[in-house]
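Asker: Sharing a structure, written as structure tokens. Questions coming.
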Amino acid sequence: MSTNQLDKKSQAWSALFSEPMSELVKRYTASVFFDQRLWQADITASLAHAEMLQAQGIIAAADYAAIQKGMAQIWTEIENGQFEWKLDLEDVHLNIEARLTQLIGDAGKRLHTGRSRNDQVATDVRLWLRSEMDLILDLLVDLQKSLVAVAEKNIDVILPGFTHLQVAQPVSFAHHLLAYVEMFARDAERMADVRRRTNRLPLGSAALAGTTYPLDRERVARTLGMVDEQGQAQVCQNSLDGVSDRDFAIEFTAAASLCMVHISRLSEELILWMSQNFGFVKIADRFTTGSSIMPQKKNPDVPELARGKTGRVVGHLMGLITLMKGQPLAYNKDNQEDKEPLFDTVDTLKDTLRIFSEMVGGQTNPATGVKEGGITVNPEAMQAAAQKGYATATDLADYLVKKGLPFRDAHEVVAHAVKTAQQAGKDLSELPLATLQQFNATIEQDVFECLSLAGSLNARNTLGGTAPAQVRQQIARHHARLTH
Ligand code: ARG
């Protein structure tokens, strides 16, 4: 092949074809306009491959040196926006290889020894996703820190806890926020776990069956940092699986979907809490929009959009998993369709985590290292809401149990008391002692302590409970966990 033959994609594989590809088919099959974002991974993987080829004596040291030089130039060209991406060359791999050959001649053509685009693309996607997951892991830490920072300031702020969206029992606002910290901590665990399976090397599987050249695949894996905690090279152990496995992309999108679902639940709460009927929190104006017709409005667009974008990411999971289900071994062109959903999942998740971290916790003040400008909490509105729905009814039942009543009987006694209070338009704690004693004679003055919101919280002093003492311990645990 002459040096510029690769410029024509129809000639990239052979002279076997008697007619060129139609323009429509070219556009239909090309991926270069979206897969060019893999360029750094593609060059990095190519350099690791070339280094191994020369170490194994498969190509000459001079060829490797030329490849290094050519790739350095291509790197700069792409970075500076000077690289000319050609639709004719279908994808990122052929574009870069063609340019390399244009720059360095035969040495460029030797790069593709012992590999195929099938193991090349699988390697590139894994490398790219690995670095994106590292960014996502950092963003998850930051979001958890934001939530912990707000929690820390609201340990003694009490709001109604709900079940069925009916007032159930009072809880600390900090405790409520820390529930989300638990969710995002599990999301980070899942990401770290997916990262382990993503960080394995397909390269060397070649087209599907392995290769006749004496490759050292473990060397390439080590060069690319595809190693486990003990530094052992991580290599896909079956060539057919290596080129066709996209489980890692599906697993990642599943983990991302779950993380978005957590964001979506938080969004729903923020939207409710911001409504006039709750009035529990405000988010900073820069995260809201006005209405073109109703001058009084401030709409929670960011949480609403995040709730909406959750559907989009879950859709990508469905897309990817469906993409795989009918594929025989080994590589099929279907797999080219893995990229856009994967890319969009990464973009959506990263943007959402970033914006939520700031919306909830604000920005870190560089002078003090403390986050400022997050959500504004209205403790009075929360407290008033907690006082409305007989949130301490369970506490009265527990009080009676401690006086010797079986729980089921206590439950019944309290139901009568609540009915009477409702008729009087009062909270249980506002009924006179004499009235309460009509329901059960063992009730004494100390009942009012357990009917108070703070008393109710303090009483739930078991591991994982909402008592401020427990919440303080959890905050300390999160601080220790998130600072290394
Ligand atoms: N652009 C292709 C993809 O994304 C690269 C692999 C093409 N391999 C092939 N045999 N056509 O999957």
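Asker: Could you give every pair whose Cβ atoms fall below 6 Å, whose first residue belongs to segment 327-353 and is free of Cβ contacts under 8 Å to residues at least 40 places away in the same chain, and whose second residue is more than 11 Å from the ligand (Cβ to nearest atom), counting only separations of at least 6 or pairs across chains?
Answerer: ASP334/LEU323; ASP334/GLN327; GLU337/LEU323
Asker: While we're on this one: Could you tell me which of the residues ALA179, ALA206 is modelled with pLDDT of 95 or more, surrounded by 21 or more Cβ atoms within 10 Å (Cβ to Cβ) and among the small types (Gly, Ala, Ser)?
Answerer: Checking each option against the conditions leaves just ALA206.
Asker: Can you tell me how many residues within segment 325-350 are of a type in the set (Lys, Arg), away from the ligand (no atom under 16 Å from the Cβ) and within 19 Å of LEU240 (Cα to Cα)?
Answerer: Within segment 325-350, residues that are of a type in the set (Lys, Arg), away from the ligand (no atom under 16 Å from the Cβ) and within 19 Å of LEU240 (Cα to Cα) number 1.
Asker: Follow-up. Quick check on segment 312-329: of everything there that is in contact with a Leu (Cβ under 8 Å, 6 or more places away or on another chain) and surrounded by 19 or more Cβ atoms within 10 Å (Cβ to Cβ), which residue is nearest to LEU208 (Cα to Cα)?
Answerer: LEU320
Asker: Being basic (Lys, Arg), modelled with pLDDT of 95 or more and surrounded by fewer than 18 Cβ atoms within 10 Å (Cβ to Cβ) narrows it down to one of LYS145, LYS153, so name that one.
Answerer: After applying the criteria, what remains is LYS153.
Asker: Moving on to the next point. Pairs please, first residue from segment 433-449 and under 15 Å from ASP409 (Cα atoms), second anywhere and exposed (fewer than 11 other Cβ atoms within 10 Å of the Cβ), Cβ atoms under 9 Å, 6+ apart in sequence or on different chains.
Answerer: The qualifying pairs are THR442/GLY404.
Asker: Which residue pairs have Cβ atoms under 6 Å apart, sit 6 or more places apart or on different chains, and have a first residue in segment 360-377 that is in contact (Cβ under 8 Å) with a residue 60 or more places away in the chain and at negative phi and a second that is in a strand (DSSP E or B) and not charged (D, E, K, R)?
Answerer: LYS371/GLY362; LYS371/THR364; GLY374/GLY362; ILE375/VAL281; VAL377/VAL281
Asker: Which residue out of ASP119, ASP134 is among the charged types (D, E, K, R) and within 16 Å of the ligand (Cβ to nearest atom)?
Answerer: None of the other options fit; the residue is ASP119.
Asker: Hey, among SER14, SER18, which residue is within 15 Å of the ligand (Cβ to nearest atom), modelled with pLDDT under 95 and exposed (fewer than 15 other Cβ atoms within 10 Å of the Cβ)?
Answerer: Of SER14, SER18, the one residue that is within 15 Å of the ligand (Cβ to nearest atom), modelled with pLDDT under 95 and exposed (fewer than 15 other Cβ atoms within 10 Å of the Cβ) is SER14.
Asker: Taking GLY464 as meeting all but one of (1) closer than 19 Å to ASN154 by Cα; (2) touching a residue at least 24 places away in the same chain (Cβ under 8 Å); (3) part of a loop (DSSP other than H, G, I, E, B), write down the number of the exception.
Answerer: Result: GLY464 passes all but (2).
Asker: Among the residues of segment 207-224, what is the count of those that are among the β-branched types (Val, Ile, Thr) and within 14 Å of ASN238 (Cα to Cα)?
Answerer: Of the residues in that region, 1 qualify.
The values are calculated or read from the model by the stated rules, or taken from the named source; none is laboratory data. If you're wondering where the values come from, they're calculated on a predicted model, not measured in any experiment. When we count neighbours, we look across all protein chains shown, and the Cβ atoms used for this are built from the backbone with ideal geometry, even at glycine.
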